[in-house]
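Taking it in order: structure first as structure tokens, then the write-up.
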Amino acid sequence: MATTQPANGDSMGTILGHPKGLFVLFFAEMWERFSYYGMRALLILYLTKHWLFSDGEAGVIYGAYTALVYITPVLGGYLADKYIGQRKAVLYGAVLLTFGHFLMGFEGTGGQDPAALNIFWLALAFIIVGSGFLKANISVIVGQLYPRTDKRRDPAYTIFYMGINLGAFLGSLLCGYIGETYGWSYGFGLAGFGMLLGLIVFAWGKPLLVGRGEAPIALGKALEWGIYVVGLIAVVACWWMVQNQGVVGTLLGVFGAILVAYVLGTAVVKLPAEDRDRIFAAMFLILVSIVFWALFEQAGNSLNLFTDRHVDRNFFGWEMPASMFQSLNAAYIFLLAPVFALAWTALGKRNAEPSAPFKFGLGVIQVGLGFLVLVWGAQSAGVDAAVPVIFIFLIYLLHTTGELCLSPVGLSAMNRLAPAHMASLIMGTWFFASATGNFAAGLISAAAGGEGLEGEEAGKQVVLDVYSTVGWYAIAIGVAVLVIAPLVKKLMHLDTLRDDTVGDDLLGQAEGPGEAQGAGIHPETRPN
């Protein structure tokens, strides 16, 4: 299919040395993350204070919800790759997200009112499926703007990650303050407005994406609307699953085993030796990321409740709402991401940059240290005294520096290590690992609240004991990763990595821009 759009990501001009399309994605994702993290900052408090779930119940609900947010990109990416393309998938996801966030504003009378709760479950389901259509697709477009060996890839993902965290910072701060101060519906309504802005930015910036993400086939109206109906069926399925969290755990176990077996089987049977080794390295990084996210995602769950109940949040006579502390992680990333990007670049020029697996080990160690610092601070203050707020700042700082060693590095590594025809599948596996980590985070949070003092309340000492245990385990795992990092680096074969220019061109690539590479299945390659 002929097109007048150029294939080069820089063809529409650059800003700060990067394609303009990167900054369209930056701002669209910024507003989407504003809505997601604004709602997330309030969610565990909303579950326990408004709907009156116990800490254990709320922790598992929160974990199941966030896990489903990371599972659904496999469906959204598959449908985008095979049928509607990434652009329409992102637009459809944005519409579902906007609707879901505004539904969150209908809070009813609280308690366990069945009618109002059903609207709440439905709102979560729309957000889950909307994220599935948007999340993996928009992040992979970043990689499509650059060749595989382009040295700007890591800095590009860091810039994109800054957009995510600028939105998360503003969303947590503003939605958290308004939701806890003026009413839940106002906080959730503001999140919906942010999502609407994200939709507008992405639609406006379509030309600057130079044709990335268009439908890989001639798409008829009947087929297109059929795909949208599939999305609505998925909403119904998620509405049921978020109420039956055990099903989510079973789904993760079964589907995760199938996914890992399929990826490894494909690597062993179909790939040449070096590509096979790269897939093994990518799978190792994916497994390590599960440990990291299980601990890191306590932030919106048990750590949010701990901050609300056991931390001195008084600033000059004003008690800062607990949800606003969710903005700390994003603020630190926004401040430190440029520092990390410059540091990696400077070390790279001296051939001294740590490898991706070594950075992963550092990330896991730091997330463990964060918990141990908080435990030490709480014990120093005394069990009966409020924890000084400085220790909340410190745990978020250590978790953030750990995240900067792992998450943007992981996104880039998935795109770099996967052959073109497996890029979608590997990115989908990366998000699936995040889902598993989020569900595990819910189980850890439930353990912290399940034996709480005063009935349903999580006892301070119970939480600290759990945090101490997971902190030491994380440090041990992180050290083990550092030890075997050189072996994993050898499997990456970075010295022989080349751009894909022959032999596996996608159908239609010679006539126009490259096809979509969202999570799911990649378009068929041209026969040799």
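Accessible area per residue, 1.4 Å probe, Å², for the range 321-475: what's the number? Each step should come with its number before you reach the end.
Numbers: 5380 Å² over 155 residues.
Value returned for the range 321-475: 35 Å² of accessible area per residue.
Calculate the FRET efficiency for Ala385 and Phe316 from the Cβ-Cβ distance with a Förster distance of 22 Å, rounded to the nearest 0.05. Write out the running numbers ahead of the final one.
On the way: r = 20 Å, r/R0 = 0.91.
Efficiency computed from Cβ-Cβ geometry: 0.65.
Which stretch or stretches of the range 252-283 have amide N atoms under 17 Å from the point lying 7 Å from His493's Cα along the Cα→Cβ direction?
264-283
Which residues among the range 244-282 fall inside the zone where the amide N is under 16 Å from a point 7 Å beyond the Cα of Ile484, along Cα→Cβ?
Those under the cut-off are 277-282.
5 Å is the cut-off here: which amide hydrogens, built 1.01 Å from N in the peptide plane, fall below it relative to Val387, excluding neighbours closer than 5 in sequence?
Close amide H contacts, sequence-distant or interchain: Val311, Asp312.
Of Pro114, Thr158, Val229, which is farthest along the charge dipole of the range 96-232 in the positive direction, counting Lys and Arg as +1 and Asp and Glu as -1 at C-beta?
Thr158
So what J values fall out for the range 274-287 if you push phi through Karplus, 6.51 cos²θ - 1.76 cosθ + 1.60 with θ = phi - 60°, rounded to Hz, Gly and Pro as x?
5, 5, 4, 4, 4, 5, 4, 5, 4, 5, 4, 4, 4, 5
Give a quick list of chymotrypsin sites (Phe, Trp or Tyr not before Pro) in the range 83-174 that DSSP marks as loop, anything other than H, G, I, E or B, with at most 16 other Cβ atoms within 10 Å.
Details: sites: Tyr83, Tyr92, Phe99, Phe102, Phe106, Phe120, Trp121, Phe126, Phe133, Tyr157, Phe160, Tyr161, Phe169; in loops: Phe106.
Passing both the DSSP loop test and the Cβ count: Phe106.
With only Lys, Arg, Asp and Glu charged, each at its Cβ (+1 for the first two, -1 for the last two), find how big the charge dipole of the range 110-174 is about the Cα centre; round to the nearest 20 debye. Spell out each step's value before the answer.
On the way: 5 positive and 3 negative charges, 79 e Å.
The calculation lands at about 380 debye.
Rank Ala67, Gly167, Pro388 by how far each Cα sits towards the positive end of the charge dipole of the chain (+1 on Lys, Arg Cβ; -1 on Asp, Glu Cβ) and give me just the farthest.
Among Ala67, Gly167, Pro388, the one farthest towards the positive end of the dipole of the chain is Gly167.
Counting only residues 5 or more places away or on other chains, whose amide H sits under 5 Å from the amide H of Ile15 once H atoms are built in the peptide plane?
Under 5 Å from the amide H of Ile15 lie the amide H atoms of Lys20, each far enough along the sequence or on another chain.
To the nearest 0.05, what FRET efficiency results for Asn351 and Leu219 with a Förster distance of 51 Å applied to their C-beta separation?
Working: r = 47 Å, r/R0 = 0.93.
Taking R0 as 51 Å, the efficiency between Asn351 and Leu219 is 0.60.
Based on the alpha-carbon gyration tensor of the range 29-78, what equivalent-ellipsoid semi-axes (square roots of 5 times the eigenvalues) come out, in whole Å, largest first? Don't jump to the answer; show the numbers that get you there.
Details: eigenvalues 110, 47, 6 Å².
In descending order the semi-axes read 23, 15, 6 Å.
Just grab the label-to-label distance for Tyr182 and Met12, each label 7 Å out from Cα along the Cβ direction, in nm (one decimal).
Each label point lies 7 Å from its Cα, and together they span 3.5 nm.
Helix-derived [θ] at 222 nm for the chain: sum -39500 (n - 2.57) over DSSP H runs of at least 4, divide by residue count, nearest 500?
Details: 16 runs with 369 residues, N = 528.
Rounded to the nearest 500, it is -24500 deg cm²/dmol.
Please get the size of the charge dipole for the range 50-182, origin at its Cα centre, with Cβ charges of +1 on Lys and Arg and -1 on Asp and Glu, quoted in debye to the nearest 20. Please list the in-between numbers first.
Working: 8 positive and 8 negative charges, 184 e Å.
The calculated dipole for the range 50-182 is roughly 880 debye.
Ignoring ligands, DNA and RNA, please state the percent of accessible area on the chain from carbon and sulfur, probe 1.4 Å.
On the way: 13670 of 20070 Å².
The value for the chain is 68 percent carbon and sulfur by accessible area.
Could you tell me the ratio Rg/Rh of the chain? Both radii from Cα atoms, Rh via Kirkwood. Can you show the working numbers first?
Numbers: Rg = 22.2 Å, Rh = 23.2 Å.
Radius of gyration over Kirkwood radius for the chain works out to 0.96.
Any idea what log10 I(q)/I(0) is at q = 0.18 Å⁻¹ for the range 359-471, Debye with uniform C-alpha scatterers and no solvent?
With no solvent term, the Cα-only Debye profile gives -0.97.
Please get the size of the charge dipole for the chain, origin at its Cα centre, with Cβ charges of +1 on Lys and Arg and -1 on Asp and Glu, quoted in debye to the nearest 20.
Numbers: 29 positive and 36 negative charges, 261 e Å.
Computed about the Cα centre, the dipole is about 1260 debye.
The values are calculated or read from the model by the stated rules, or taken from the named source; none is laboratory data. In this text, all values refer to a predicted model and were calculated from it rather than measured experimentally. Positions of Cβ are generated from backbone atoms using ideal geometry, with glycine treated the same way; all protein chains shown enter the neighbour counts. To get the accessible areas, we keep the full protein, side chains included, count just its heavy atoms, and leave off ligands, DNA and RNA. Shrake-Rupley method; radii C 1.70, N 1.55, O 1.52, S 1.80 Å.
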